[in-house]
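Have a look at the structure below, then the notes.
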Amino acid sequence: MTTHSDQLLCGMDGGGTITKVVVCDLEGNIINAFQTGSINHFGAGTERAGETFAAISDNLISKFGCLPGILFIGNSALDGRADETLVQTLTKGVFHPSKTVFHSDVYVALLGYTLGKPGAVLISGTGSMACGIDADGVYHTAGGWGQILGDEGSGYHMALKGIKAALRGYDGISGPTRLTSEVIRFFNLTEMTDLIDRIYNPPVEKSVIAAFAPEVESAAVEGDTVAMKILDDEAKWLFKLALVITGKCKTKNLGYYGSVLIKSELIRSRLSALLSNQNISLQVPALKPETGALIGAFRESGNPVTETVVLHLSKYQ
């Protein structure tokens, strides 16, 4: 029979591509950390997400001989806290008897920036979304509609626009762009028409598309005007998200997360310039999203988030 330990807390950040798992003690010392597959049941599917949860449980039990007392999980498929029925449906009870909390991945990122206090964060990784907490403790969101309905300003959206621009250049519908040759090289195609099979047979996961985003930025850095326009458009979408969430939360203090904002100097600098005109500062959070999830676990467990705890959590890289 699986047991749990109230001396251990677990936080997870489940993005569109990977899930980061961290475990700490009640002093905030990180004692285990690993990465695994996606738990986004919309993107990866319910069955695969369930398999990932089972693998995480097995990993934790193998490491500690038990499960942490609280597991606080940020899931990119959610826009708020999930009810117990959904938690059990997705996990199939693999974390029993621990208390398991599901919230959105942007919420755990927010906790990593504000530690539960008022403020807002903007996220641009595989997907995009913004969230925040106002002075009354009310939780607000903007964006996060997924790759079919939205995700403007995300790596997926930027990559897909780059691929489409490459195809338009190939067909002669629009002017030539370096992106055409980059698509052929990146997807290892003999000829451009091979891309149809590569994308549709079988249908690829969105992470495969999103992986092309750095190639779009690289083309922009080299002066490709089509790629530069794409990056400008994505930065402007993120600016709109930022204005909406800071307006809802009545704050000028904005943190950022996600591979696009962290790695893309072009998008981040252009976004920062737009925000500075509104007296909004774009800040680097003290804690990573997965350690933000640990803040959530501390709050659920009733253990205080002391300065010592935050200091120890901030040492996690």
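Every number in this text was worked out from the coordinates using simple rules, so none of it is lab data. Given the structure is predicted, the values throughout are model-derived calculations rather than measurements. Here the Cβ positions follow ideal geometry from the backbone for every residue, glycine too, while neighbour counts run over all protein chains shown.
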Where in the stretch 271-299 does the amide nitrogen come within less than 14 Å of the point 7 Å from the Cα of residue 236, taken along Cα to Cβ?
271, 274
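What ranking, highest mean first, results for peptides 86-97, 199-210 when packing means the other Cβ atoms within 10 Å averaged over each residue?
Working: 86-97: 17.1, 199-210: 15.1.
Output ranking for 86-97, 199-210: 86-97, 199-210.
Please compute the contact order of the chain in relative form: average sequence separation of alpha-carbon pairs under 8 Å and at least six residues apart, divided by the residue count, as a percent.
In percent, rounded to a whole number, it is 22.
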Rounded, prolate or oblate, given the Cα gyration tensor of the stretch 139-244, with a/c below 1.5 counting as rounded?
oblate
Per the C-alpha gyration tensor (a ≥ b ≥ c, the square roots of its eigenvalues), the stretch 67-151 is rounded if a/c is under 1.5, else prolate if a/b beats b/c, else oblate; here it's oblate
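Quick check on the stretch 65-218: take the gyration tensor over C-alpha atoms, sort the square-rooted eigenvalues as a ≥ b ≥ c, and tell me if it's rounded (a/c under 1.5), prolate or oblate. Let's see the in-between values first.
Details: a/c = 3.22, a/b = 1.89, b/c = 1.70.
Verdict is prolate for the stretch 65-218.
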Whole-Hz Karplus couplings 3J(HN,Hα) for the stretch 209-226, θ = phi - 60° and coefficients 6.51, -1.76, 1.60, Gly and Pro as x, run 5, 4, 5, 7, 4, x, 5, 5, 5, 4, 5, 5, 4, 7, x, 5, 5, 5
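Nearest-5 percent of antiparallel DSSP beta bridges in the stretch 1-109? Before the final figure, lay out each step's value.
Values: 12 of 26 bridges.
Among the beta bridges of the stretch 1-109, antiparallel pairing accounts for roughly 45 percent.
Let me have the relative contact order for the stretch 146-283, percent, based on Cα pairs under 8 Å that are six or more residues apart. Intermediate results must be reported in sequence, preceding the final value.
On the way: 148 pairs, mean separation 34.6, N = 138.
Across the stretch 146-283, relative contact order equals 25 percent.
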What distance in nm separates the two pseudo spin-label positions at residue 145 and residue 307, each 7 Å out from Cα along the beta-carbon direction?
4.5
If I compute volume of the Cα convex hull per residue in Å³ from the structure I just sent, which labelled value in [x] 244; [y] 134; [z] 176 lines up?
[y]
Per-peptide average of other Cβ atoms within 10 Å, ordering 36-46, 133-143, 157-167 highest first:
157-167, 36-46, 133-143
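Calculated from DSSP H runs of 4 or more alone, at -39500 (n - 2.57) each and per residue, what is the 222 nm mean residue ellipticity of the chain, nearest 500? Spell out each step's value before the answer.
Values: 14 runs with 151 residues, N = 317.
The per-residue figure over the chain is -14500 deg cm²/dmol.
Over the stretch 162-228, calculate the relative contact order: mean separation of alpha carbon pairs under 8 Å at least 6 apart, over the residue count, as a percent. The partial results should precede the final answer.
Values: 56 pairs, mean separation 21.2, N = 67.
So the answer I get is 32 percent.
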Roughly how many Å is it from the Cα centre of the stretch 31-55 to that of the stretch 97-176, as a whole number?
19
For the chain, size of Cβ-based charge dipole, Lys and Arg +1, Asp and Glu -1, in debye:
540
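Using 0.36 nm times the number of residues separating residue 279 and residue 222, minus their current alpha carbon distance, what extension gain do you get? Don't skip to the answer; put the middle values down first.
Values: separation 57, 0.36 × 57 = 20.52 nm, distance 3.10 nm.
Answer, rounded to one decimal: 17.4 nm.
Rounding to the nearest 20 debye, state how big the charge dipole of the stretch 146-283 is about its Cα centre with +1 on each Lys and Arg Cβ and -1 on each Asp and Glu Cβ. Provide the component values of the computation, followed by the final result.
Numbers: 16 positive and 16 negative charges, 153 e Å.
Using Cβ point charges on Lys, Arg, Asp and Glu, the stretch 146-283 gives about 740 debye.
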Calculate the spin-label point distance for residue 88 paired with residue 63, positioning each point 7 Å from the Cα along the beta-carbon direction, and give it in nanometres.
2.7
